[in-house]
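Participant: Below you'll find the structure I mean.
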Amino acid sequence: MNGDPITDSGLWFRVEASSTASAVRRAAERLGAQLEMAPARIADLAIVAAELTSNLVKHADEGVLLLRPVRRGGEAGVELVAIDSGPGMADLTVSSQDGHSTTGTLGIGLGAIVRQASSFDGYSLPGRGTVLAVQVWPAAPPRPSWAGALTRPLTGETVSGDGYAVRVVEGRHQVLVSDGLGHGPLAAAATEAALAAFRDAPASPPAAVVSHLHRSMSYTRGAALAVAELVPEEGVLHYAGLGNIAGMVVEGGGQRRGLVSLPGIAGHQRPTVRGYDYPFGPGALLVMHSDGVVDRWRLTDYPDIAGHSPLVVAATLLRDAGTRRDDACVLAARSWT
């Protein structure tokens, strides 16, 4: 395991003891070397990994950390997402300044993370916990992504049958969420087939892309899936789905509009595929998730979270609405205009 490449799905660590810090640091160094980062940047990455893990050990309840590669425009970096249900912080900006401490330590942990990272975003509520999302790139970071997502396997499984993909093809900004039937390797294989077909699909509207995925997955056990296309310059979102993928447009005031997915399983039988259009004005946010996430969440329960990165939004919803009895995936995307 120690010498295996770390795939784009990443590694999840449950952080319950200080001994986990060395395992996370070694894995981060290995991923940095795998991505051919310079030694000095790998050293920065090791500091970020160690400090994130240390913060989870000292301050968090039910702390977990995701380590994975992140790719954009032909470049590759490392992303770390730390999630906990601990006491939280009233002001994350103050807590990230050197010298601020709630445990009698020197208070340099979050400050060190901010200094060494290429990008940093976090959200915290007293009594609810904290989400920190950090990226370390070899050089200058690319423009922040308009979409962010996380997947987590069912407790006891090593792979997730849920997955997502993001693409920009011929000016079309599209996202996919897939939930392979069942759990384990066969469900994961179905979703991997969907992701591969999505990446190679023609630059077509979501309904045509879903039909393409259906035809490409006939050899798998099938999946529920949905494709969305964001067109903020026209104030519209195009959407097509099959099965129990939940999709919502959340307006600036927190109101949710549910998106229609038709019954069916991509890769099986001959489902009806139809596309639908929805208003998607300034400040709107798209949230899509598998049925491993309970859909009773409300962004109004999280003051000011809409101003944070889509990844932080997705991670917060996964923490609070994800179930341990199923694979889970949450994707968030917003207008970039």
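The values are calculated or read from the model by the stated rules, or taken from the named source; none is laboratory data. The model shown is predicted, which means the values in this text are computed figures rather than measured ones. Ligands, DNA and RNA are stripped out before the accessible areas are found, and what is left, the full protein with its side chains, is counted by its heavy atoms. Shrake-Rupley method; radii C 1.70, N 1.55, O 1.52, S 1.80 Å.
Participant: Taking the radius of gyration and the Kirkwood hydrodynamic radius from Cα positions alone, what is the Rg/Rh ratio for segment 178-337, to two decimal places?
Facilitator: Working: Rg = 15.4 Å, Rh = 16.0 Å.
Result for segment 178-337 is an Rg/Rh of 0.96.
Participant: Shifting gears a bit: If you bin every alpha carbon distance in segment 131-264 into 5 Å steps from zero, what whole percent lands in each bin?
Facilitator: The distribution over segment 131-264 is 2, 10, 18, 20, 19, 16, 10, 5, 1, 0, given as percents.
Participant: Quick check: at a probe of 1.4 Å, how many percent of the accessible area of segment 276-323 sits on carbon and sulfur atoms?
Facilitator: On the way: 900 of 1800 Å².
The nonpolar share, carbon plus sulfur, comes to 50 percent.
Participant: Take 172, 257 and sort them by solvent-accessible surface of the protein heavy atoms, 1.4 Å probe, largest at the top. The partial results should precede the final answer.
Facilitator: Working: 172 65, 257 100 Å².
From most exposed to least exposed: 257, 172.
Participant: Roughly how many percent of the accessible protein surface of segment 124-233 is carbon and sulfur, given a 1.4 Å probe and a whole-percent answer?
Facilitator: Details: 2380 of 4250 Å².
That fraction is 56 percent.
Participant: Right, something else. Given a 1.4 angstrom probe, what's the average accessible area per residue across the chain, in square angstrom? Can you show the working numbers first?
Facilitator: Working: 14570 Å² over 337 residues.
Per-residue accessible area for the chain comes out at 43 Å².
Participant: Along each of its three principal axes, how wide is the spread of alpha-carbon positions in segment 219-265, in whole angstrom units, largest first?
Facilitator: 41, 21, 13
Participant: Further question on the same structure: How large is Rg/Rh for segment 125-197, to two decimals, with Cα atoms and a Kirkwood Rh? Don't skip to the answer; put the middle values down first.
Facilitator: Details: Rg = 15.8 Å, Rh = 14.9 Å.
With Rh from the inverse mean 1/r over Cα pairs, Rg/Rh is 1.06.
Participant: Follow-up question, since we're still on this one. Determine by what factor the alpha-carbon radius of gyration of segment 281-337 differs from 2.2 N^0.38 Å, reporting the quotient. Present the calculation step by step, with values, prior to reporting the outcome.
Facilitator: Numbers: Rg = 11.4 Å, N = 57, 2.2 N^0.38 = 10.2 Å.
Computed over Cα atoms of segment 281-337, the ratio equals 1.11.
Participant: What fraction, in whole percent, of alpha-carbon pairs in the chain exceed 36 Å separation?
Facilitator: Values: 9658 of 56616 pairs.
Beyond 36 Å sits 17 percent of the P(r) for the chain.
Participant: If one computes the Cα centroid of segment 191-246 and of segment 42-79, what distance in Å separates the two points?
Facilitator: Answer, in whole Å: 31.
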